[in-house]
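Working notes for the structure below.
The values are calculated or read from the model by the stated rules, or taken from the named source; none is laboratory data. What you see is a predicted model, and the numbers here were worked out from it, not measured in a lab. Positions of Cβ are backbone-derived with ideal geometry, glycine not excepted, and every protein chain shown enters the neighbour counts. Note: accessible area is taken over every heavy atom of the protein model, side chains too, but ligands, DNA and RNA are not part of it. Shrake-Rupley method; radii C 1.70, N 1.55, O 1.52, S 1.80 Å.
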Amino acid sequence: MVADPANPAGGRSRVRMSATQRREQLIAIGRQLFAERGFDATSIEEVAARAKVSKPVVYEHFGGKEGLYAVVVDREVRSLLDRITNALTAGHPRELLEQAALALLDYIEQETDGFRVLVRESPVMSSTGTFSSVLNDLAHQAEHILGAEFKSRGFDPKLAELYSQALVGMVAVTGRWWLEVRKPRKDVVASHLVNLAWNGLSHLESKPALVVRDRSA
């Protein structure tokens, strides 16, 4: 066996990563750390240590912790939106609601670290490029669906925005809860969400009033 001149001890040579491979490795490590600890508790030192590189390597790729976090969040936002957008194939509003709920729960189940990153608050991202922006995008999609339903039933279509925010918020908050408990089963959770949302929508009052306020008047 001929000795490797670059490795005179005869040990196995360390395989060097390309710049693209190193970047992907750092993104994966950052995603895991941000999910485990959040933005504030994650340090560039730990990212570098897990990747077995020096801190300047991380700075070279992302400019700092904020840059790495922004890349991780942007990828998760696009991944979640793509999942839900691609899932919305049905024509009936109830089926669309089922598809959206299942798509979100699928993402939570299969990309748990990504979801944890999105739902954690970060001081560097404000309201854009975060879970709140995802929810707003989903609510706008739901608004178009509800607007047509409201119009066909003689309700004010201007209220579709309010109801779409309420529906998306209900599914998202339930998803955060289910992330921790993981029971009942995903399909059972989705069916109950749709049951509450759809059966409530199917019996909407055109001019609802608060019963408590009426009694105190």
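In this view, the solvent-accessible surface of Tyr59, computed with a 1.4 Å probe and all protein chains in place, comes to about 100 Å².
Note down the net charge around Gly63, summing +1 for each Lys or Arg and -1 for each Asp or Glu among other residues with Cβ under 14 Å from its Cβ. Surrounding charge for Gly63 is +1.
Counting only protein heavy atoms and a 1.4 Å probe, tell me what percentage of the stretch 72-206's accessible area is made up of carbon and sulfur.
Working: 3840 of 7220 Å².
Whole-percent figure for carbon plus sulfur exposure: 53.
With protein chains left intact and a 1.4 Å probe, residues in the chain average 60 Å² of accessible area per residue.
Could you work out how much longer the chain between Ala19 and Ala41 gets when fully extended? Use 0.36 nm per residue separation minus the Cα distance between them, nm to one decimal. Walk me through the numbers on the way to the answer.
Working: separation 22, 0.36 × 22 = 7.92 nm, distance 2.66 nm.
Length gained, Ala19 through Ala41: 5.3 nm.
Were the residues from Ser202 through Lys183 laid out at 0.36 nm apart, the gain over their Cα-Cα distance would be 4.1 nm.
Roughly how tilted is helix 160-181, in degrees to the nearest 10 and between 0 and 90, from the longest Cα axis of the chain? Around 50 degrees separate the two axes. For the chain, the longest principal axis of the Cα atoms and the long axis of helix 65-87 meet at an angle of about 50 degrees. Taking 20 Å as the cut-off, the amide N atoms of the stretch 156-187 that come nearer than this to a point 7 Å along the Cα-to-beta-carbon line of Arg50 belong to 180.
Would you check the chain for Lys pairs whose C-alpha atoms are within less than 24 Å, ignoring same-chain pairs closer than 8 in sequence, and give me the count? For the chain, qualifying lysine pairs total 4.
Helix-only arithmetic for the chain: the sum of -39500 (n - 2.57) across DSSP H runs with n ≥ 4, divided by the residue total, places the mean residue ellipticity at 222 nm at -23500 deg cm²/dmol.
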